[in-house]
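**Student:** Take a look at this one; I'll ask things after.
Computed from the coordinates by the stated procedures, all read-outs in this text should not be read as laboratory data. Note that this is a predicted model, so its numbers are computed, not measured. Counting neighbours? That spans all protein chains shown, and the Cβs are built from the backbone with ideal geometry, glycine included.
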Amino acid sequence: MQRLPLKWIAIFSVATNLLMIVPPLHMLQVYDRVLTSNSMETLIYLTLIALAAMVLYGIAEAVRGKLAQRAAAQYTVSLSEPLFKRLSSSTVDGARGSSQVLRDFNSVRGFIASRALTGLFDLPFVPFFILLMFLLHWVLGVMTLVGTFALVGIAWLNKVSTAKDTDESKQSDMEALTFAQTVFMRAEDIRAMGLLPSVMERWGQKMATSLQKGDVAAGQTSTFYGISKSVRKMLQILIMACGAYLVLKGDVSGGVIFAASMISGRALAPVEQVIGGWDRITHARTANANLKAYLADAEMPHDLVQLPQPIGHVSVEGLSYSPSQIPNAKPVLDEVSFDLPPGKILAVIGPSGAGKSTVAKALVGAITPDSGQIMLDGAQRSQYPEDQWGEAVGYVSQEITLFPATLAENIARLELNPDSEKVVAAAQAAGVHELITSLPDGYSTEIGPGKLVLSGGQKQRIALARALYSDPKVLVLDEPNAHLDAQGEVSLMNAMKRARNDGRTIIVVTQRRTVLQVADYVMTIRDGRVSDFSSAAHHKAKPANAQTRPAPNAPVQEPQPQSPPQRVQVEAPPIAADGAMTEQMPGGAQL
């Protein structure tokens, strides 16, 4: 995290605090010089000098506030890119973790631009004003010093007594907010299942806990703040009374009474301001520490060399992944290996929970595997710059997310200046051009909250066009036909054929056997391991006497329909009643 250029705020803080001694000096001179000499000319000149000084004071305060705002802007600019990259690559805690990080970021940014920060720059000048009080009279200096320590003690007690309740309040508030965000994302399901009363009651319990803890913390803070305000006012009264006593004794002049009151107020004001903003200061400090720790875990990006345009040869070796933190937990992927030539279609099948979608996510970089290598044209995934990999590998996830923008902007991956020709070409390749043009606004149709609502199948076809927009050499499709009707599935098959004819390598995760009609190879995943990798022709042929399965990691051979196949044939998985494929061992036993 870059160090903010706060030196100019410190310089202008020096100017503002030095200029603040002008009013008490003016008062002192008026009482000691003007009133004793009855000099109107002296009064006029002293007043004009004091007014000019106050004009400079106002300018310095305004500049200091602008500098704080610019420091907040610079903080935002310097941290936005690494923070955004870290959030986009992080899978820990999901949306809850991301929300907390962004709240910490906004908390620090708001604190830098607030008066609480400039108040901290005034704090070092408290000894300077106390010294001035000692110069007026040592008794006044001692009283001011004791008052300062009293306010500091109040601030310390405030921190100690409210720390636990404040932390619990923030934790409860975060839990209630996260629960509400999760609920609002599935508002349709809540209405459909009549869950609103239960959801509201549960959310109310979380909010009640948050409000209760917050009320306790706020009550204690308000009490200490009120005590500090009372102590400060009493000190000013006592200082004025002490000044009057010293005047009566003849130890000081009459102007000291008012000068001492003004200087002591200036000495105590920063301390009181820190006490009033203590909660915000501590929260910003904690948030800044959290952000530093969060970004410290991120690897520093390297300037990678742009590799030649790939042709689409995908190779995976020993891919393993286990998201569980439990020791010795069963991995989701266990030594997955395969080799896919360019311009071919691989169908990844297997029972639910076998790890098929995890393979797809690992291929595109959505998750980071624990071990193993993913290579494109012989180069590892880590050797490709992020933007080049994103253009070379198109991805359609199982859960489609479209952004609040036009259809054209979604297809163009939210580019600020999308290429219209590429947008239309991608839509035509995905077989969704006719659907888009049938809409009243065509490619300019807005989607998002309060806008056009697309069906699941329409979203999948738009997502396919988005994946094709960058002219990728590899397409990874995770259940692309899950929400498609018969016509949509035919359109998908045609799109996959066109993509293969264009030389693209396609890896499609599916539960439907129809994809095998266009596939070149079929890979079966079971319990996180490759149990079969063979030509799709063997699955289509449905041989009556299947032999033993080939080794999972054996190199892929091109299908040779003219000659007897070299691979051992595997019985095609039948279709269950719900449309999902089931695996069958030789002899008819199901797995």
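**Student:** Please compute the net charge surrounding S371, taking Lys and Arg as +1 and Asp and Glu as -1 over other residues with Cβ under 15 Å from its Cβ.
**Tutor:** So the environment of S371 carries a net charge of -2.
**Student:** Taking other Cβ within 10 Å of each residue's Cβ, how do I281, I506 sort, fewest first?
**Tutor:** I281, I506
**Student:** Can you work out the Karplus-derived ³J(HN,Hα) for every residue in region 282-290? Use 6.51 cos²θ - 1.76 cosθ + 1.60 with θ = phi - 60°, whole Hz, and x for glycine or proline.
**Tutor:** 5, 5, 5, 5, 5, 5, 5, 5, 5
**Student:** Hey, another quick one. Express in whole angstrom the spacing between the alpha-carbon centres of region 154-171 and region 1-67.
**Tutor:** Distance between centres, Cα-based: 37 Å.
**Student:** Going 7 Å from the Cα of E415 toward and past its Cβ, which residues in region 459-473 have a backbone nitrogen under 11 Å from where you end up?
**Tutor:** Once the point is set 7 Å along Cα→Cβ of E415, 469-471 turn out to lie under 11 Å by backbone N, inside region 459-473.
**Student:** Taking only the alpha carbons of region 241-393, what extent do you get along each of the three principal axes, in Å, biggest first?
**Tutor:** Sorted largest first, the three principal extents are 102, 39, 20 Å.
**Student:** Which net charge results for the neighbourhood of S320, defined as the other residues with beta-carbon distances under 12 angstrom from its beta-carbon, given Lys and Arg at +1 and Asp and Glu at -1?
**Tutor:** Overall, the nearby charge balance is -2.
**Student:** Determine the alpha carbon to alpha carbon distance for each of K66/K213; K164/K330; K164/K233 and list only those over 32 Å.
**Tutor:** Too far apart for the 32 Å limit: K66/K213; K164/K330.
**Student:** What is the extension gain from I311 to W156, computed as 0.36 nm multiplied by their sequence separation minus the C-alpha to C-alpha distance, in nm to one decimal?
**Tutor:** The I311-W156 span can extend by a further 49.2 nm.
**Student:** Moving to a separate point now. Going highest first, how would you order 428-439, 197-208 by mean Cβ packing within 10 Å?
**Tutor:** 428-439, 197-208
**Student:** Which value, in Å to one decimal place, does the Kirkwood hydrodynamic radius take for region 1-160 when every pair of different Cα atoms is included?
**Tutor:** Roughly 19.6 Å, rounded to one decimal.
**Student:** I've got another one for you. Which of the lysines could a cross-linker span from K85 if the Cα-Cα distance has to be under 17 Å and same-chain partners fewer than 8 positions apart are dropped?
**Tutor:** Counting by Cα, and skipping residues close in sequence, K85 has these lysines nearby: K292.
**Student:** What area, in nm² and to one decimal, does the C-alpha convex hull of region 430-491 cast on average over all directions?
**Tutor:** Value for region 430-491: 4.8 nm².
**Student:** In nm, to one decimal, how far is the modelled label at R285 from the one at Q212, with both set 7 Å along Cα→Cβ?
**Tutor:** 3.0 nm
**Student:** Whole-Hz Karplus ³J(HN,Hα) for region 253-263, in order, using 6.51 cos²θ - 1.76 cosθ + 1.60 and θ = phi - 60°, x for Gly and Pro?
**Tutor:** 7, x, x, 5, 4, 6, 5, 5, 5, 6, 5
**Student:** What percentages make up the Cα-Cα pair-distance distribution of region 203-268 when the bins are 10 Å wide from 0?
**Tutor:** Going from the shortest bin to the longest, the percentages are 20, 28, 18, 14, 12, 7, 2.
**Student:** Further question: Could you list T401, T166, T505 so that the one with the fewest beta carbons within 10 Å of its beta carbon is first and the one with the most is last? Could the numbers behind the result be given before it?
**Tutor:** Values: T401 8, T166 23, T505 26.
Final ranking by Cβ density, sparse to dense: T401, T166, T505.
**Student:** Ok, one more. Taking θ = phi - 60°, what integer Hz values does the Karplus form 6.51 cos²θ - 1.76 cosθ + 1.60 yield along region 359-371, in sequence order, with x for Gly and Pro?
**Tutor:** Per-residue couplings from phi come out as 4, 4, 5, 5, 5, 8, x, 5, 10, 9, x, 6, 7 Hz.
**Student:** Using the count of nearby Cβ atoms within 10 Å as a rough guide to exposure, how do T358, T144, T36 rank from fewest to most? Intermediate results must be reported in sequence, preceding the final value.
**Tutor:** On the way: T358 24, T144 27, T36 11.
So the ranking, lowest neighbour count to highest, is T36, T358, T144.
**Student:** Next question, about the same structure. For F128, what charge total do you get from the other residues with a beta carbon under 14 Å from its beta carbon, if Lys and Arg give +1 and Asp and Glu give -1? List each step's numbers first, then the result.
**Tutor:** On the way: positive: R266; negative: D122.
Once all neighbours under 14 Å are counted, the net charge is 0.
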